[in-house]
Amino acid sequence: MELVLTLVSPDPASAAAAANRAKAALAGAGMAVKAPRPLGAGAFDLPLIADRGAVEALVATELDGLPVDACVQPAAGRRKRLLIADMDSTIINVECLDELADFAGLKAEISAITERAMRGELAFEGALRERVGMLKGLAATALQQAYDERVRLNPGARTLVRTMAANDARCALVSGGFTFFTSRVAEAAGFHVNRANTLIEADGRLTGEVGDPILGKEAKLAALEELTAELGVPPSAALAVGDGANDLAMIQAAGLGVAYRAKPIVAAQAHAKVDHADLTALLYFQGYAEAAFVSD
């Protein structure tokens, strides 16, 4: 099969060393591999013809311990028509619900539940209702305060979205969080579509309730299927990225599913991981050169 191995690192020297090491190891294993092709500072493509599983196993062993993210995929169809992304701890730097909890003096308690839910140890819907219930009575003004003071786009997020949008991809932010935040983050990053849950307010305070139906794992998968159908393309034309267990279904269904700084259950089942580089790694994985990036 015609494949491409993409290596990305925040350290250009590590990326170059990894590319050369990978080429030597692949060639030594009898695989037909071409010379590394630079895509940008700290990013290389290595075209090759081989079995995907064999390449992934060899690369994982050969590059173990290096600050390098690797992606092995078919060369055909690597540039995607849909980006579907989780928000909390993926496109942005925080879990918004945990930050709201801080204003209520409950961050430690609520963060512990969040962590278990994201690891897949708790059912998402029940965990969400429990956490929101703990915020009953919190002033609604805390939402804007949390956004202004705590929420920041993760490095590379805006460039990822703007570049894909400029190349006719649809970009969707689909979160198990809340529309108050997704609407603002979507505008800041350049997403076309945003979907999330709704916090219910009354008399300027949170009621402790969340609107039905809950947007969780299955809703994220449904969004991927719906949006690709609208574009007239198969799920293989989608790139999905997330970090928690509620992202796993869409990550597995996409043509390229990426675990970004993810929980172990997600990292183990995604097509690729980004543990070292920023979100522009997802552009390199699609074959974009740094010169083609759009940041504003």
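The values are calculated or read from the model by the stated rules, or taken from the named source; none is laboratory data. Keep in mind that what you see is a predicted model, and the values were worked out from it rather than measured. We place every Cβ from the backbone using ideal geometry, glycine too, and count neighbours over all the protein chains shown.
Tabulated data for the structure shown
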quantity	calculated
Only listed residue being charged (D, E, K, R), assigned by TED's automatic domain parsing to the domain that holds Leu282, in a helix (DSSP H, G or I) and more than 24 Å from Val8 (Cα to Cα), chosen from Arg162, Arg184, Arg195	Arg184
Identity of the residue in region 75-93, among the hydrophobic types (A, V, I, L, M, F, W, C) and under 15 Å from Ala196 (Cβ atoms), that ends up surrounded by the most Cβ atoms within 10 Å (Cβ to Cβ)	Ile84
Candidates Ala27, Ala18 - the one that is more than 30 Å from Cys171 (Cα to Cα) and either among the aromatic types (Phe, Trp, Tyr) or buried (at least 21 other Cβ atoms within 10 Å of the Cβ) (or both)	Ala18
Members of region 1-15 found to be hydrophobic (A, V, I, L, M, F, W, C) and either under 18 Å from Gln73 (Cα atoms) or buried (at least 18 other Cβ atoms within 10 Å of the Cβ) (or both), listed by number	Met1, Leu3, Val4, Leu5, Leu7, Val8, Ala15
Some residue of region 206-220 being assigned by TED's automatic domain parsing to the domain that holds Ile110, among the polar types (S, T, N, Q) and in a loop (DSSP other than H, G, I, E, B)	no
Elements of type helices (runs of 4 or more DSSP H) contained in region 238-296, each with 2 or more residues being within 12 Å of the chain's Cα centre (by Cα) and touching a residue at least 24 places away in the same chain (Cβ under 8 Å)	248-253, 281-285
Single residue of region 30-46 satisfying the filter (over 15 Å from Ser9 (Cα atoms) and out of contact with any Pro (no Cβ under 7 Å at 6 or more places or on another chain)) that is surrounded by the most Cβ atoms within 10 Å (Cβ to Cβ)	Val33
Flag for Val33 being among the aliphatic types (A, V, I, L, M) and either under 30 Å from Ala146 (Cα atoms) or touching a helix residue (DSSP H, G or I) at 6+ places or on another chain (Cβ under 8 Å) (or both)	yes
Lone qualifier among Leu122, Leu138, Leu97, Leu106 - being outside the structural domain of Ala22 (by TED's automatic domain parsing), among the aliphatic types (A, V, I, L, M) and closer than 30 Å to Ala165 by Cβ	Leu97
Long-range neighbours under 8 Å by Cβ, at least six apart or interchain, first residue closer than 16 Å to Ala60 by Cβ within region 11-24, second acidic (Asp, Glu)	Arg21/Glu62; Ala22/Glu62
Pick from region 109-159, criterion among the small types (Gly, Ala, Ser) and not in a helix (DSSP H, G or I), ranking: surrounded by the fewest Cβ atoms within 10 Å (Cβ to Cβ)	Gly137
Sole exception among (1) β-branched (Val, Ile, Thr); (2) surrounded by fewer than 21 Cβ atoms within 10 Å (Cβ to Cβ); (3) within 21 Å of the chain's Cα centre (by Cα) for Ile49, by number	(3)
Arg129 in contact (Cβ under 8 Å) with a residue 40 or more places away in the chain, within 26 Å of Leu279 (Cα to Cα), in contact with a strand residue (DSSP E or B) (Cβ under 8 Å, 6 or more places away or on another chain) and basic (Lys, Arg)	no
